[in-house]
1. Compute the length gained on full extension between Thr174 and Ala200: take 0.36 nm times their separation in residues and subtract their Cα-Cα distance, giving the result in nm to one decimal.
2. For the ranges 134-141, 114-121, what's the packing order if you count other beta-carbon atoms within 10 Å of each residue, average per peptide, and put the highest first?
3. Exposure proxy check: Lys342, Lys166 ranked by fewest other beta carbons within 10 Å?
4. Phe8 versus Asp425, label points 7 Å from Cα toward the beta carbon: distance in nm?
5. Under 15 Å from a label point 7 Å along Cα→Cβ of Ala375: give me every residue in the range 412-455 with its amide N that close.
6. ³J(HN,Hα) across the range 180-197 via Karplus (A = 6.51, B = -1.76, C = 1.60, θ = phi - 60°), whole Hz, x for Gly/Pro?
7. For Ala210 and Ser70, calculate 0.36 nm times their separation in residues minus their Cα-Cα distance, and state this gained length in nm to one decimal.
8. In whole angstrom, how far apart do the alpha carbon centroids of the range 240-315 and the range 4-19 sit?
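Computed from the coordinates by the stated procedures, all read-outs in this text should not be read as laboratory data. Please read these numbers as outputs of a predicted model, since none were measured by experiment. Note that we place each Cβ from the backbone using ideal geometry, even for glycine, and neighbour counts take in every protein chain shown.
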Amino acid sequence: MSDAFPIFLCLPAAILVALVSLPNNWVNSRVRGFRRIVTLITGLQFAIAGGFAIAHVAGWVPVIHSVLVSVSGEPPIAASVHYDGVASLMLALVSFVGWVICQYSIRYLDGEPTQGRYFRWTAFTIGSVSLMVISGNLLMFVVAWVMTSLGLHQLLMHYGHRPAAKRAAWTKFTISRFGDAALIGAIAIIYHEFKTLDFAELFAAAGSLATVTPAMQVASFLLVAGAVTKSAQFPFHTWLPQTMETPTPVSALMHAGIVNAGGYLMIRTSPLVSLTPWALTTLAIIGGFTACFAAVVMLTQTSVKKTLAYSTIAQMGFMMLQCGLGAFSAAMLHILAHSLYKAHAFLSSGSVIAERGSTVGAPAVRHSVSGIKLAIAGIVIVTLLGLSFTLFGIDPLTKPGGLLLGGVLCLALTHWVGQVMRSGDHRLLIRAVTIAGVLCAIYSASFLAVDKVVATSLPVSSAPELVWLVAAVVMAGFVGMFGLHAALTTGRGLAGLGKWHVHASNGFYIESTLRRVFGPLLNT
C-alpha cells in the first residue's frame, strides 16, 4: 500500500493540470459540468492532502521520497515526490484554499461567457502549485514553478480587453522571467557541484559538505533572487498592486497560494541556502525593508484591494525576513496564517460596505490614550507573551525569528488594547487583556507545533551571522512604524506628514519610475 502513496498524492494535481488541454470552446459550452468536475477534484485533493497531513503528524505515514518516472540524461529528468513535514502542511493549505476558491467562483462568475476558460486555468494553476509543493527534485520544482506563473498569467488576463489588466499581467510576466532565469542558473550550478538535483541526495550532500565553493555561494544568491521576484519584494513588487482588474477569486488564490511560493522555495531549499550566511543576511535586509516600505504605503491607500495588496507585500517581506534570520519554522507558520487570513479577506471584501453600515450611528470614542497608558499596555502584552513562552518551553534566545514574530504580535496587541483603553470601559479592557493572553498562548502553541512538524526538514544551524543585529534593526523599524501608526490614528504630530502622505499614497513613485524605464519593453 505504501508504494501507492505517492500516486495518491500526485494524481489529483496531475488531473487538474491535464484539464488545460481541453479547448476553450468545449469547456465554455459545458461550463456547469466542467466547473463541478474541477471543484470535485480540488475537494478530493484537499481530502487526500488533509488525511495524509494528519497521518504524517501522527507518525502513521513516514517521510516519502519516491521516483515515479525517470529518464537518464545530463541532468537526469525525473518525476518524483518528496513528502515531509514541510510538504504536508503546504499541500494541505494549497488544496484547501484552492477548493474554497473554486466553490466561491461558481457564484462569483455565474453568467459570464468565459467561465469555462477561467476554471480551466484555475485548475491548471492549482495543480501546478500542488506539484511544485511535493516535487522530489529541483528540476521538477522549477518546471512546476514556471507552470504556476504561466497559469496565473492566463488568470490575470481573464479580462484581457481591459488595459489595466493587460498591463499588470505583462508586468508580472516580465518580472517572473527574471526569477525563472535566476532559478535556472541556480540549478545549473547546483547540478555541476553535486551531480544530482534530487532533494534527498542534495540535502544529504549539503549536510556533509566541508567547504562551500564560490559557485555554490552564487547558487545560493540566485535562489534568493528567485524567491524575491516571486514574492513581490522591493523593487519587484510593483505588479501586485496593479492587479485590481482580475476577478476577486484570482486575487485570493494569488495572495494566499502563489505569492508565498518564494517563501516556500527558501524553506524547501534551506539546507542549501544556509550554506551561504551572507545570502540569508541579504534576504533578511530585503525582506525587512520591504515590510516597512509596504506597511507605510498600505496605511495611505483608499482602495480595499490595494490595501490588501500592500498588506500582502508587507507580510511577504516579513516572511522573507524570517527566512533570512534562519527562522524557517516561524516563516512556515507565517505562510499558513497569512494565507488563510488573506484568502478570507479577499473573498469577504465585497461585504466591507455592509460591515461599515453596521457601525454607522455608533457613538464616537472621545478618550485619548496617553503614552504612559500605551507603555503599560505594552508591558502587559510582553509579560503575557513571556509567560506563554515559559509555559510551552520556548527559549527565545535560540529562536530570533520566532522572537521577532512575537515582538510584532506584541505591537499589534498593544495597539488593540490601547484602542480598547480609549473606550474607558474597564470590563471591556479586562476582556481584551484576557483575549490577548489567549492569543499569545495560541501563537506559542502554534509555533511549537509547526516547529515540531518541520524540524526534520530544516538545517540544524541556520541562523546567519549578525542575526541579532539584523533582528534588532528591523524591530526598531517596526517600533517606528508603530509610533507612526499611532500618530496617524490620534492625529498628533501630523503637521510635517502631509507631503509624505501624498508620496506614500503613490507608492513613492516606484511603479511610475519603472514603467517609464521599462515601458517600451512591456509594450513590445
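1. Between Thr174 and Ala200, full extension yields 6.1 nm more.
2. My ranking of the peptides, most packed first, is 134-141, 114-121.
3. Lys166, Lys342
4. Taking the simple label geometry, Phe8 and Asp425 are separated by 5.0 nm.
5. none
6. My calculation for the range 180-197 gives 4, 4, 5, 5, 4, x, 5, 5, 5, 5, 4, 5, 5, 7, 10, 6, 7, 10 Hz in order.
7. Full extension from Ala210 to Ser70 adds 47.4 nm.
8. 29 Å
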